[in-house]
Amino acid sequence: MASGKEQFGGKFAYIMALAGSAIGLGNIWRFPFMVGEHGGAAFIIVYILCSLLISLPIFLSEAVIGKKTGKGAYESLRTLAPGTPWKYLGIVTIIACFVIVSFYCVVGGWSIDYLARSVVGKLGPGTREGAGALFGSVAGSIWETLTAHLIFLGLTALIIFLGVQKGIELFSKISIPLLFVMILVVTVYSLRLPGANAGVEYLLHPDFSKIDASSIAAALGQSFFSMSLGVGMVVTYTSYSRNSNIIEAGSWTAIFDTLFAILAGFAVMPAVFAGDLQPEAGPSLVFETLPYVFGQMAAELPVFSRIVTILFFMSILLAALSSSISLLETTVSHLMERKGMKRGKATLLITLGTWGLGVLCALSFGPLKDFHLFGQTIFGFCDLFASNYLMTLGALAFSIFAGWKMDKIEIESIIGKFFRFMLKWIVPLAIMAIFLSNIFL
Ligand code: PHE
């Protein structure tokens, strides 16, 4: 019973939902910075190669499982490899989604806070220090950060509660095209700022001498996170669209995701350089640096820069929401499948759980900031543990499962000889290489 019954309306919905999961904070605050740090255009080339040769096969390994069984990761693995420990991979993916969605919603909350502030014109005095202080006070203020977090989580839960077609599908079909339009407007504005050229140079200057083992590992890790691999999301979404062509869907996901990341780079970096600032990765880039730059421009183009600021935070919000719904849905559909629960009850239970962990993550910017786990705040630990370790482990396990455990003839009839070969040999070796280099480099 349960899942497999609800389905996406068609191929377009499936691809938009996948793109929604893929396009997220990773594209906006990590990708532009990594490009600049690791050799500009040279890194973009490596990134595209990693996405096509490693990430796309991993996507296919998850998709082929969902297509075959019509179930989520845990139930699929139990069906395909009964009585073996493979089902524990399903548990790893559920834990990964649960942890990621918990800290992700904290950042999503800030984007609501900043969106509201940009609408009412309360982004601070427009100085560098002012922008830093504002972020500190937003993230550090218990009631403000927790309220914003609750609203974001509530929106995510509402979409999930509405179901696969009326929630996820409808939201993705509207938000993804809108996201591209909005980021394009911000990009055009950014590129026209005086001094923007230095940002273009930072992104495009091809410096092949910066390409080494650690930058390739960085490109691969970024590509996994960005395409939402290794957490069973692709298994779950594909189980809602079993008749779709998965090679086509995976290729579109990679194309939309990379295109959006590059556009976000051109929206963000020219503005950073126009403001004479140093690029940084992480929350401070979007919540400190850019509000400052936009604030500066407000003196010259008050109306226009206000609109661009609103569009910018709106794109962060939509990008974050379409990713967080995919994470929550993966866990909710697991409960529905495993325990036969109704969607409403499963959504409520998971939402309460992620709220609890999310509160701890949120407070690690305030009262809990001195509480450390393995040298990290709770937020930092959740990010590192789930995004680096669990996702990489999940991706490795899915590729081994599809490459080695599933029937050769059957797999090749769906994904072809080339991708099966990649899954069997190249992908696991490449992942082990990044895993080790993440630990040792
Ligand atoms: N791909 C999302 C991003 O780039 C993050 C994500 C990871 C979403 C895993 C779903 C699953 O922000």
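The values are calculated or read from the model by the stated rules, or taken from the named source; none is laboratory data. Worth saying up front: this structure is predicted, and the values here are computed from it rather than measured. Please note: Cβ atoms are built from the backbone with ideal geometry, for glycine as well, and neighbour counts cover all protein chains shown.
Right, Ser399: under 20 Å from Gly66 (Cβ atoms), in contact with a Ser or Thr (Cβ under 7 Å, 6 or more places away or on another chain) and hydroxyl-bearing (Ser, Thr, Tyr) or not? Yes.
Would you check which residues across segment 47-103 are assigned to a loop (DSSP other than H, G, I, E, B) and either surrounded by 22 or more Cβ atoms within 10 Å (Cβ to Cβ) or within 16 Å of the ligand (Cβ to nearest atom) (or both) and list them? The answer is Lys71, Gly72.
Here Val99 meets the list (1) over 29 Å from Ala362 (Cβ atoms); (2) modelled with pLDDT of 95 or more almost entirely, failing just condition (1).
Residue-by-condition table, conditions (1) surrounded by fewer than 24 Cβ atoms within 10 Å (Cβ to Cβ); (2) modelled with pLDDT under 95:
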{"position": "Val235", "(1), (2)": "no, no"}
{"position": "Ser239", "(1), (2)": "no, no"}
{"position": "Arg242", "(1), (2)": "yes, no"}
{"position": "Asn245", "(1), (2)": "yes, no"}
{"position": "Trp252", "(1), (2)": "yes, no"}
{"position": "Leu263", "(1), (2)": "yes, no"}
{"position": "Val268", "(1), (2)": "no, yes"}
{"position": "Gly275", "(1), (2)": "yes, yes"}
{"position": "Gln278", "(1), (2)": "yes, yes"}
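In the set (1) more than 14 Å from the ligand (Cβ to nearest atom); (2) part of a helix (DSSP H, G or I), the condition left unmet by Asn243 is number (2).
Residues in segment 292-333 that are more than 26 Å from Tyr14 (Cα to Cα) and either hydroxyl-bearing (Ser, Thr, Tyr) or not in a helix (DSSP H, G or I) (or both): Tyr292, Ala298, Ala299, Glu300, Leu301, Ser305, Thr309. Residues that are in a helix (DSSP H, G or I), among the hydrophobic types (A, V, I, L, M, F, W, C) and either within 22 Å of the chain's Cα centre (by Cα) or within 16 Å of the ligand (Cβ to nearest atom) (or both) are absent from segment 334-346. May I ask you to verify whether Thr309 is over 15 Å from Gly108 (Cβ atoms) and under 23 Å from the mean Cα position of the chain (by Cα)? Yes. Screening Met182 on (1) under 30 Å from Gly344 (Cβ atoms); (2) in contact with a Ser or Thr (Cβ under 8 Å, 6 or more places away or on another chain); (3) part of a helix (DSSP H, G or I) shows it passes everything except condition (1).
For segment 362-392, a residue qualifies if it is touching a residue at least 12 places away in the same chain (Cβ under 8 Å) and of a type in the set (Phe, Trp, Tyr), and the qualifying residues are Phe365, Phe379, Phe385.
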